[in-house]
Amino acid sequence: MQAQDFEDLLKGSLADANYLLEGYVAPVMKSLGSGLNQGWYNSAKTHKPFGVDFTITTSLIYVPDADQFYKVDNNVLQEIKLVSYDGQSVSPTGSGNVPTIFGPDKTPMYEITDSGNPVEGPPGLDLESTIKLANALPVPMYHLGIGLPKGFDLKVRFSPTLEFDQSKFSLLGFGVMHDIKQYIPGIKTLPFDLSAFIGYTNMKAEVGIDATAGANQKAVIEFNSTNVQALISKKISVLTLYGAVGYNFSKSSLDMKGTYDLDDDGTVDAT
């Protein structure tokens, strides 16, 4: 996402920009909420006390076709209206589907209602063409596992804070895995591992806007994901087979921060 993608939309109103931005990035929230709950482990076996391992994983989060577009309802918009997309006109009281961030690289057209001036909305990233593999989002992470006494493992996952252009990205998570096989009579000596796991991950992305007069303008997207699972694994030579059952849940938020002078008259219109 580029600052220019938001500049024209903010010529309508901050409420309109929020509505359009939420629809545009909603699939990111859903896909990353799911993706952040993956990749915590590759075995149910806990480390010996103070044993350590370090791994780098990349979860490939596939994007459903339904998440490539979102519906824009002109009756919800206040100062801007969707007028066309991909050769199809949209009436001032109608609605139409336009690309999400995961959609095709095509630009929807809007119009400022008071002036009739045309403005462009953001196109999609067209992931399948961008990463040359599939319509999917790669989520890379570093993982550190540390063995503790009594069959516990402490797990830490992170990504160094990345800053580029007007954007910043950070990720940090903690998890605990515990050997529960030791508490179940009759299976302690059987040749498989059984553990319980709980993990929490926070990811935060900031995208600078600087679209109108004002200060500290940015979009802040935050994800919090938690999963609770029972794990089972079996090592056969150099191959470890594992599976899990449990519950994953996530929460996401999107805020536009800063002050905005929407009509460039020297007065702050929104914060």
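The values are calculated or read from the model by the stated rules, or taken from the named source; none is laboratory data. This structure is a prediction, so every number in the text was calculated from the model and none was measured. Cβ sites come from the backbone with ideal geometry, for glycine too, and all protein chains shown count toward neighbours.
For Asn75, the conditions (1) at pLDDT below 80; (2) surrounded by fewer than 16 Cβ atoms within 10 Å (Cβ to Cβ); (3) of a type outside the set (A, V, I, L, M, F, W, C) are fulfilled apart from (1). Within the range 27-48, track down each residue that is among the hydrophobic types (A, V, I, L, M, F, W, C) and at pLDDT below 80. Across the range 27-48, the qualifying residues are Val28, Met29, Leu32, Leu36.
Can you name every residue in the range 94-106 that is polar (S, T, N, Q) and at pLDDT 90 or above? The answer is Ser95, Asn97. Contact map, the range 69-89: residues that are aromatic (Phe, Trp, Tyr) paired with residues that are surrounded by fewer than 19 Cβ atoms within 10 Å (Cβ to Cβ) and part of a strand (DSSP E or B), Cβ distance under 6 Å, separation 6+ or inter-chain. Pairs shown: Phe69/Asn97.
Residues in the range 240-271 that are among the aromatic types (Phe, Trp, Tyr) and closer than 23 Å to Leu171 by Cβ were compared, and the one that is modelled with the highest pLDDT is Tyr247.
Take the conditions (1) touching a Ser or Thr at 6+ places or on another chain (Cβ under 6 Å); (2) modelled with pLDDT under 80; (3) aromatic (Phe, Trp, Tyr); Tyr24 misses just one of them, which is (2). Taken together, the residues in the range 150-200 that are of a type in the set (Lys, Arg) and either over 16 Å from Thr46 (Cβ atoms) or assigned to a loop (DSSP other than H, G, I, E, B) (or both) amount to 3. In the range 120-143, of all residues being of a type in the set (A, V, I, L, M, F, W, C) and modelled with pLDDT under 80, the one that is farthest from Val98 (Cα to Cα) corresponds to Val139. When the range 45-81 is filtered for residues that are part of a helix (DSSP H, G or I) and among the hydrophobic types (A, V, I, L, M, F, W, C), only Ala66 remains. Go through the range 55-70 residue by residue and tally those that are modelled with pLDDT of 85 or more and crowded, with 17+ Cβ neighbours inside 10 Å. So the count comes out to 3.
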